[in-house]
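Comments concern the structure below.
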Amino acid sequence: MATINTIQWTGNNLQEIDDFFSIDGKRIGGHGFVTDETMFVDTIIGKKFASKGDYIMKDWDNKFYVVKEETINRIFFSKI
């Protein structure tokens with residue numbers, strides 16, 4: 001079974017974000033902080049911007065994706 005890991009960028013978890021982009025201390029993905037409200041993530045389709053509250057997903061092949069908080073809420077937390 002494939003595993004997908006996620007982390008939500010809160011603006012207060014910079015170390016956790018750095019750790020999420022590393023394996024055994026080695027960086028496996030590109031990211032950077034543009035402002036206190038915005039960061040970028042290198043994805044398979046280029047640089048994508050994430051805002052506070054957005055989720056960063058890492059797939060089984062260590063590829064990264066930015067998913068808006070609204071999308072996560074709609075898919076996983078909406079009432080049926």
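The values are calculated or read from the model by the stated rules, or taken from the named source; none is laboratory data. Treat the numbers as computed from the prediction; the structure is a model and nothing was measured. Neighbour counts are summed over all protein chains in view; Cβ atoms, including those assigned to glycine, are modelled from backbone coordinates with ideal geometry.
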Test: residue in the range 61-79 that is on the phi > 0 side of the Ramachandran plot and among the small types (Gly, Ala, Ser): no
Pairs where the first residue, in the range 46-59, is more than 25 Å from residue 3 (Cβ to Cβ) and the second is of a type in the set (S, T, N, Q), C-beta under 7 Å, 6+ apart: 49/38; 51/38; 52/10
Some residue of the range 22-38 being touching a His at 6+ places or on another chain (Cβ under 9 Å) and surrounded by 11 or more Cβ atoms within 10 Å (Cβ to Cβ): no
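Report, by residue number, each residue of the range 52-78 that is part of a strand (DSSP E or B) and in contact with a Gly (Cβ under 6 Å, 6 or more places away or on another chain). Before you say what the answer is, go through the steps one by one.
At the first step, the residues of the range 52-78 found to be part of a strand (DSSP E or B) are 55-58, 64-67.
Answer for the range 52-78, where residues must be part of a strand (DSSP E or B) and in contact with a Gly (Cβ under 6 Å, 6 or more places away or on another chain): just 64.
Can you tell me which residue within the range 45-63, out of those that are among the acidic types (Asp, Glu) and exposed (fewer than 15 other Cβ atoms within 10 Å of the Cβ), is nearest to residue 13 (Cα to Cα)?
59
Name every residue in the range 1-14 that is modelled with pLDDT of 85 or more and within 17 Å of residue 64 (Cα to Cα), in order of residue number.
First, the residues of the range 1-14 that are modelled with pLDDT of 85 or more: 4-14.
Hits for the range 1-14 are 4, 5, 6, 7, 8, 9, 14.
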Qualifying positions in the range 21-36 - modelled with pLDDT under 85 and assigned to a strand (DSSP E or B): 32, 33
Any hit, the range 7-16, residues being touching a Phe, Trp or Tyr at 6+ places or on another chain (Cβ under 9 Å), of a type outside the set (Gly, Ala, Ser) and in contact (Cβ under 8 Å) with a residue 60 or more places away in the chain: yes
Filter result for the condition that a residue is modelled with pLDDT of 85 or more, part of a helix (DSSP H, G or I) and surrounded by 10 or more Cβ atoms within 10 Å (Cβ to Cβ), over 18, 42: 18
